[in-house]
Amino acid sequence: MRGVAEMNPRLKKALGRAWEAVRTYYPGFRGRATRRELLIVVAGSIFVAIVNSVWVPSLFPMSAQVNNDAVKMAGFVGIVNVLLLMVAILSAMVRRLHDTGKNAWYLLISFFPYIGMGFLVWALLSGPDAGENEYGPNPRH
């Protein structure tokens, strides 16, 4: 396996931009996000969730008898993980909606089965507003 120093320069630059976006925008719901930022946040959150689903249980080994403290601690760590990932995904979704000129209230439409989720996916993956909109400058420029 190649090290970071030998990594493809384009991939290295893209990962650097993604890390900078996460570090800058993670807790914030203002501004605009590109489709790439949204997909990186979603894919990264899925990766972190999978890794934590394997890693967290190994931190709190269970004996033949169920250890209540270990179960409680593993559950607590799991809940904190889910909450942190939800904030990251919601933040990216709100900023992506801002990029398309829509406000965050459009997330509520996802409560309508099928049609609502389909509309939300369409809204998140549609093209951005050209130039500046009420949520800020175009992040691509």
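The values are calculated or read from the model by the stated rules, or taken from the named source; none is laboratory data. The model shown is predicted, which means the values in this text are computed figures rather than measured ones. Note that we place each Cβ from the backbone using ideal geometry, even for glycine, and neighbour counts take in every protein chain shown. Heads up: the accessible areas ignore ligands, DNA and RNA and are worked out on the full protein's heavy atoms, side chains in. Shrake-Rupley method; radii C 1.70, N 1.55, O 1.52, S 1.80 Å.
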Looking only at the stretch 1-42, how many residues end up being surrounded by 15 or more Cβ atoms within 10 Å (Cβ to Cβ) and modelled with pLDDT under 70?
4
If the Cβ limit is 8 Å and pairs must be 6+ apart or interchain, which residue in the stretch 93-117 that is more than 18 Å from ALA130 (Cα to Cα) and part of a helix (DSSP H, G or I) pairs with which residue that is of a type in the set (Lys, Arg) and open to solvent by less than 30 Å² (accessible area, probe 1.4 Å)?
none
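Could we say that LEU120 is in contact (Cβ under 8 Å) with a residue 12 or more places away in the chain and part of a helix (DSSP H, G or I) here? If you could, list the steps in order and put the result at the bottom.
Values: in contact (Cβ under 8 Å) with a residue 12 or more places away in the chain: yes; part of a helix (DSSP H, G or I): yes.
Judged against the criteria, LEU120 is a match.
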